[in-house]
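In what follows, a single structure is set out as structure tokens and then discussed.
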Amino acid sequence: MAGVNLALGHCHDYGVDGQFDPVVIRGRRRITSGFPLQFQAKATTRWSMDEGHVVYDLEAKTFDDMVTRTDDECTLLLVLLCLPKEQGDWHATASHSTVLKNCCYWHVLRGEPCGGDTTKRIRIPEGQVLTPQSLLELMEAEKLRRMQSWR
């Protein structure tokens, strides 16, 4: 729905699970724009909601990998699928629908590496739901950020 190509994983786990590549029309051809947005995907039942934020304990090594990226590198987006506590509630199918509960939240992590800790508690504003529209906005922001860094 967002009009992007999705490239998933590689054979080795180097901290990036995939990337979104925006598709643009140049002339009469559809091509990727050259402004990808990479992501690290997590799915969990160990999350909570607190004062308008999704609270999740991310592995410290993953947090450190994400926050130590430089401004010259592609942004690495955290995509967190917050599943219901009971596995039987995760997914439902019928002849007219497939439903996956609950939703994915996105977050760009900033800050100092936490070092030796085992986890780092993160708080994601509950409005940061990953939708086709929010993905397009994130990709446009990434394009603008990278274009400004070239000047």
- Message: Net charge around Met49, counting only other residues with Cβ within less than 15 Å of its Cβ (Lys, Arg = +1; Asp, Glu = -1)?
- Response: +1
- Max mean-square fluctuation residue, GNM over the chain, Cα-Cα springs under 10 Å, options Gln40, Gln133, Gln19: Gln133
- Task: Taking a cut-off of 16 Å between Cα atoms, list the aspartates and glutamates near Lys61, but don't count ones fewer than 8 places away on the same chain.
- Result: Asp13, Asp17, Glu112, Asp117
- Message: For Leu6, what accessible surface area do you get with a 1.4 Å probe? Give it in Å², rounded to 10.
- Response: 100
- Query: Between Met1 and Arg110, what length comes free when the chain is fully extended (0.36 nm per residue of separation minus the Cα-Cα distance, one decimal in nm)?
  - Reply: 36.4 nm
- Message: Using DSSP to call loops (not H, G, I, E or B), can you name the chymotrypsin sites (Phe, Trp or Tyr not before Pro) in segment 1-74 whose Cβ has at most 11 other Cβ atoms within 10 angstrom?
- Response: Tyr14
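Just from its helices, what would the mean residue ellipticity at 222 nm be for the chain, if runs of 4 or more DSSP H residues each count -39500 (n - 2.57) and the sum is divided by every residue, rounded to the nearest 500 deg cm²/dmol?
Details: 2 runs with 26 residues, N = 151.
Helices in the chain give a 222 nm mean residue ellipticity of -5500 deg cm²/dmol.
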- Message: If you take Cα extents along the principal axes in Å from the coordinates, which of (1) 38, 35, 30; (2) 88, 23, 23; (3) 50, 49, 35 do you get?
- Response: (3)
- Over the chain, relative contact order from alpha-carbon pairs under 8 Å, at least 6 apart, %: 23
- Item | Rounded to the nearest 20 debye, dipole of the chain from Cβ charges on Lys, Arg, Asp, Glu | 680
- Task: Restrict the search to segment 64-151; then list the chymotrypsin sites (Phe, Trp or Tyr not before Pro) that DSSP places in a loop and that have at most 13 other Cβ atoms within 10 Å of their Cβ.
- Result: Trp150
- Query: Rounded to the nearest whole Å², what accessible area per residue is found for the chain with the 1.4 Å probe?
  - Reply: 65
- Query: In nanometres, what is the gap between the two model label sites at Ser48 and Asn102, each 7 Å from Cα along Cα-to-Cβ?
  - Reply: 1.2
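The values are calculated or read from the model by the stated rules, or taken from the named source; none is laboratory data. Quick caveat, the model's predicted, so the values are computed rather than measured. Using ideal geometry, Cβ is built from the backbone for each residue, glycine included, and neighbour counts are taken over all protein chains shown. What goes into the accessible areas is simple: the full protein's heavy atoms, side chains included, and nothing from ligands, DNA or RNA. Shrake-Rupley method; radii C 1.70, N 1.55, O 1.52, S 1.80 Å.
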